[in-house]
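Each remark here refers to the structure printed beneath this line.
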Amino acid sequence: MTSQPMDLRSFGKALGIGVSCVALWSSLGWSSPSLPPKRSPNIVLILIDDQGYADLGCYGAPGSRTPNIDRLAAQGMRFTDFYVSQAVCSASRASLLTGCYAERVGISGALNPWAQIGLNPEEETIADLLKARGYATGIIGKWHLGHLREFLPLQQGFDEYFGLPYSNDMWPMGFDGKPTHEGWKAFYPPLPLIEGNNTIREVRTLDDQATLTALYTQKAVDFISRHRSRPFFLYLAHAMVHVPLGVSEKYRGKSSQGMYADVTMEVDWSVGEVMKVLKENGLEENTLVIYASDNGPWLNMGNHAGSALPLREGKGTAFEGGARVPCIMRWPAQIPPARVCSQIAATIDILPTICAVTETALPRKKIDGVNILPLLREERDAVPRAQYYFYYDAELRGVRRGQWKLYFPHLSQSYEGLEPGKDGFPGRTATRRVGLELYDLSSDIGERTNVAAQHPDIVDTLKQAGEQARNELGDRLTAVRGSGVRPSGRKQVAREATQHLALAASLTFAHPYDRQHNGGGDGALVDGKHGSLDFADGLWQGFEGVDLDVVVDLQNAQNVKRVTCGLLESQYSWIFLPSEVEVAVSMDGKRFQTVWSTTIDAPQPNPIPNVREVSASFEPVAARFVHVVCRNLKQCPSWHPGAGGKTWIFADEIEVR
Ligand SMILES: [Ca+2]
Ligand SMILES: [Ca+2]
């Protein structure tokens, strides 16, 4: 072994030298920063989609379908208690790339093909940090942090991008691979394969899906070969083993254990190809290879899903089967072979750890991850992470400290006891109530015996830890807004803060606005600020199943000639334009004169959110009160997947001139 572990205390100094080096080389006219005298390690981050805790040989899967991944474990460190931030794609990936709980960076769930948001370009990703450090940066595969151009990888620190912008099942095809007419999927656009910022072709068939693993692998091998002479960061985010499964001819039927095992074998082959090209280029020693899954198995897909056994539940839950995933780190220059680490660690720790090993400064904004290099080096008594929070869908569902995991009361998706799906078709899921429950993971890894009653002191300690998380990151279960939450990236629409006559007005509503989507409270419609294309941006005021019927009191008589009402249409979220808008004015607040009205055509399918400014112009009239009525459509139209359900009106803002 040539390189020695670096003393952590010398980091500042080392960084200083690095920076001055960069400055010197820049002044010599090089286009990119220099290589440090001792070459920084390359980073290869391989992320599998929906792979279960028990899917790999080295994690106890029966048979030997994953020799290449198992070899990574034999040559490096395997983590037994490694977590994602949330057991769902976008949230999990936001955490991986930013070192933050997903709540902190405002990303939740899985973004759909009409999402007008993405990871905020102001966040610093691993790619941003390493690019500034002189690394070549590339992502091959699934992004899922915003498909609009301003949110794509090239705008988030990556030099190169090739892959799908979101999940491989977000296409207008049914589970049989044929065009579907059911639900929102029927409205999905074709699945775009993107290179750089541009769609180069579409994934249209199951046969196209079957090419993805080999295609991504070829691109990954090419990336490594092209950048062998300078430090690089490669993020290889496979579409597999997420449904719809696809496998090349070479691996079809190869496992004799079904399609899922075939796909797993091909992903394993891919890992082998990456390791081979590293070796061929003499990069095997000084490359940190990190292998992980973005969340646990999608269990209701039955034989097209993995396994998390003996863990409880799977994807979409805060239980161990959802959040705990396989993770292996291999770096012969620093990590001794065949190590098993059973301390708590998480994807949010990968960014600060990469910063440590590449001597790169941390992001300027606060992060949640910790440097786990001491674990990789097996430093005695090192406990970089004592505690971890389990969020899902903006709900703080649990907290783990040491061997103890406490759940807060919530409703959880559940797969247990239900007949799973088969051959690509899903089975049912249920919703189950989870109480205040404590589990001892050291003796009960399957979370079967609630021991809260026996350990009230531990419950109290973990409750306090939960309180801290809520204050900082928020919690929908207890309606707490977190002080440390930053906004997601939002597509900007040309709606700036404005001056108008109603800015100091008081409002009287015939029907109350929704408590959760309150836009900030009573004055939200006349505060001069405008909602974006994201209905959850905190600026829109929502009205569920009722009209927006409001009297605006301008406080004194004004000469009024125009009233504009900003309205959001976001059909996927059951938000529709009103059927009618009417404006009336009054001097005394009792006798109103209608000055303008319009009807709006019945909505046609268009899941892409848009904002309509309904503007009423009329002969100038003296008025103190302005009455605005937007008639709620009341019921989702027959073509809508929620046909017959209550529709919403989202408004912001009402401008009077
Ligand atoms: Ca996933
Ligand atoms: Ca407003």
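The values are calculated or read from the model by the stated rules, or taken from the named source; none is laboratory data. On a predicted model such as this, the values are computed, not experimentally measured, just so you know. Counting neighbours? That spans all protein chains shown, and the Cβs are built from the backbone with ideal geometry, glycine included. Ligands, DNA and RNA are stripped out before the accessible areas are found, and what is left, the full protein with its side chains, is counted by its heavy atoms. Shrake-Rupley method; radii C 1.70, N 1.55, O 1.52, S 1.80 Å.
Here are a few things to note about the model shown:
- Accessible heavy-atom area order of W648, W540, highest first, probe of 1.4 Å: W648, W540
- For the stretch 525-534, 3J(HN,Hα) computed residue by residue from phi via the Karplus equation (6.51, -1.76, 1.60; θ = phi - 60°) reads 6, 9, 9, x, 9, 10, x, 9, 7, 9 Hz, glycine and proline entered as x.
- The chain, accessible surface, carbon-and-sulfur percent (1.4 angstrom probe): 51 percent
- Accessible area of the stretch 353-495 divided out per residue, in Å², using a probe of 1.4 angstrom: 50 Å²
- Alpha-carbon spread of the chain, three principal axes, descending order, Å: 88, 65, 57
- In this structure the amide hydrogen of I46, modeled in the peptide plane, comes within under 5 Å of the amide hydrogens of L236, I290, Y291, A292, none closer than 5 places in sequence on its chain.
- Low-density loop positions, GluC sites (Glu not before Pro), the stretch 108-148 - DSSP coil, at most 14 other Cβ in 10 Å: E122
- Karplus-derived 3J(HN,Hα), 6.51/-1.76/1.60, for each residue of the stretch 600-614, Hz, glycine and proline x: 10, 4, 4, x, 9, x, 6, x, 6, x, 8, 10, 10, 8, 8
- The accessible area of K250, taken with all protein chains in place and a 1.4 Å probe, comes to roughly 130 Å².
- Ranked by how many other beta carbons lie within 10 Å on average, peptides 191-197, 601-607, 584-590, 525-531 from highest: 525-531, 191-197, 584-590, 601-607
- Reciprocal mean inverse distance between Cα atoms of the stretch 72-196 - Kirkwood radius, Å: 15.8 Å
- For the set K219/K254; K491/K529; K365/K405; K142/K219, the pairs lying more than 18 angstrom apart at their alpha carbons are K219/K254; K365/K405.
- Per residue, the average separation of C-alpha pairs within less than 8 Å and at least 6 apart gives the stretch 398-523 a relative contact order of 17 percent.
- With kT/(6 pi eta Rh) evaluated at 20 °C and eta = 1.002 mPa s, and Rh the Kirkwood radius from Cα pairs, the stretch 533-578 diffuses with a coefficient of 163 µm²/s according to Stokes-Einstein.
- Cβ-Cβ distance of R448 and N559, R₀ of 56 Å, FRET efficiency by 1/(1 + (r/R0)^6): the value works out to about 0.20.
- The dipole here belongs to the stretch 153-197: it is taken about the Cα centre, uses +1 on the Cβ of Lys and Arg and -1 on the Cβ of Asp and Glu, and is about 200 debye.
- Radius of gyration and Dmax over the Cα atoms of the stretch 236-357, both given in Å: 16.1, 43
- All other residues whose Cβ lies under 11 angstrom from that of R339 are scored, Lys and Arg at +1 and Asp and Glu at -1, for a net of +2.
- Kirkwood-type hydrodynamic radius, the stretch 180-288: 15.7 Å, calculated from all non-identical alpha-carbon pairs.
- Here is the size of the stretch 314-371 from its Cα atoms: Rg then Dmax, 13.9, 37 Å.
- When both bridge partners sit in the chain, DSSP labels roughly 75% of those beta bridges antiparallel.
- On a per residue basis, the stretch 244-283 carries 41 Å² of accessible surface, using protein heavy atoms and a 1.4 Å probe.
- Shown in residue order for the stretch 80-92 are the 3J(HN,Hα) couplings computed by the Karplus curve 6.51 cos²θ - 1.76 cosθ + 1.60 at θ = phi - 60°: 8, 10, 10, 10, 8, 7, 8, 7, 7, 4, 5, 4, 4 Hz (x for Gly and Pro).
- For H511, solvent-accessible area (1.4 Å; no DNA, RNA or ligand), Å²: 60 Å²
- Bins of 5 Å from zero: percent of alpha-carbon pairs in the stretch 422-495: 3, 11, 12, 14, 14, 14, 12, 9, 7, 3, 2, 0
- Taking amide H as placed 1.01 Å from N in the peptide plane, G645 has its amide H under 5 Å from the amide H of C636, each at least 5 places away in sequence or on another chain.
- Dipole moment magnitude, nearest 20 debye, the stretch 501-580 about Cα centre, only Lys, Arg, Asp, Glu C-beta charged: 300 debye
- Average silhouette area of the stretch 60-112, convex hull of alpha-carbon atoms, in square nanometres: 5.3 nm²
- Over the stretch 193-255, volume per residue of the alpha carbon convex hull, in Å³: 116 Å³
- Near V560, the amide H atoms lying under 5 Å from its own belong to V621, A622, A623; only residues 5 or more places off or on other chains count, and H is placed 1.01 Å from N.
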